[in-house]
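In what follows, a structure is listed as structure tokens, so that the remarks can point back to it.
The values are calculated or read from the model by the stated rules, or taken from the named source; none is laboratory data. Bear in mind that the values here come from a model prediction, so they are computed numbers and not experimental data. FYI the Cβ positions are ideal-geometry reconstructions off the backbone, even for glycines, and counts take in every protein chain you see. What goes into the accessible areas is simple: the full protein's heavy atoms, side chains included, and nothing from ligands, DNA or RNA. Shrake-Rupley method; radii C 1.70, N 1.55, O 1.52, S 1.80 Å.
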Amino acid sequence: MDILLGHFTKTAKGRNSFEIWKGEADLILKIAFLLRDFGFTSGPLMSGLDGHYMDLVSNNIKLNLGWDIWSGLFLSAVNEEGDIWVNKLGEEINRKLRESFF
């Protein structure tokens, strides 16, 4: 059985992104709860026909967490301050996935 892991990419706007292509939508809330441990608060979960999205903030750091039918699950930086956090949090999420935390 393959371990579900994410990969680092760039968005069309050049921001850092962490994507779990085979990740299911139910991971959004589990990851949002994990990110609370890092000081992030989340806005409401917005849902559409093709995906689910929520904004996360901590001070000046802005991230977007979501799932859609094209990307799977993703955590993307919204601003420059978020780029380094996407890398840190992506590594932590992969660590948790390896431990079967989710």
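Residue-wise test of (1) under 11 Å from the mean Cα position of the chain (by Cα); (2) open to solvent by less than 100 Å² (accessible area, probe 1.4 Å); (3) among the aliphatic types (A, V, I, L, M).
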{"residue": "6", "(1), (2), (3)": "yes, yes, no"}
{"residue": "20", "(1), (2), (3)": "yes, yes, yes"}
{"residue": "24", "(1), (2), (3)": "no, no, no"}
{"residue": "30", "(1), (2), (3)": "yes, yes, no"}
{"residue": "33", "(1), (2), (3)": "no, no, no"}
{"residue": "39", "(1), (2), (3)": "no, yes, no"}
ask   = Given the residues 38, 8, which is the only one that is part of a strand (DSSP E or B) and within 15 Å of residue 90 (Cα to Cα)?
value = 8
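Out of all the residues in the range 17-30, is one or more aliphatic (A, V, I, L, M), in a loop (DSSP other than H, G, I, E, B) and out of contact with any strand residue (DSSP E or B) (no Cβ under 9 Å at 6 or more places or on another chain)? I'd like the intermediate steps shown before the answer.
Of the residues in the range 17-30, the ones aliphatic (A, V, I, L, M) are 20, 25, 27-29.
Keeping just the survivors that are in a loop (DSSP other than H, G, I, E, B) gives 25.
Among the residues that remain, those that are also out of contact with any strand residue (DSSP E or B) (no Cβ under 9 Å at 6 or more places or on another chain) are: none.
For the range 17-30, residues aliphatic (A, V, I, L, M), in a loop (DSSP other than H, G, I, E, B) and out of contact with any strand residue (DSSP E or B) (no Cβ under 9 Å at 6 or more places or on another chain): absent.
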ask   = Can you pull out the residues in the range 16-30 that are among the aliphatic types (A, V, I, L, M) and at pLDDT 95 or above?
value = 20
ask   = Any idea how many residues of the range 41-91 are of a type in the set (S, T, N, Q), open to solvent by less than 50 Å² (accessible area, probe 1.4 Å) and modelled with pLDDT under 95?
value = 1
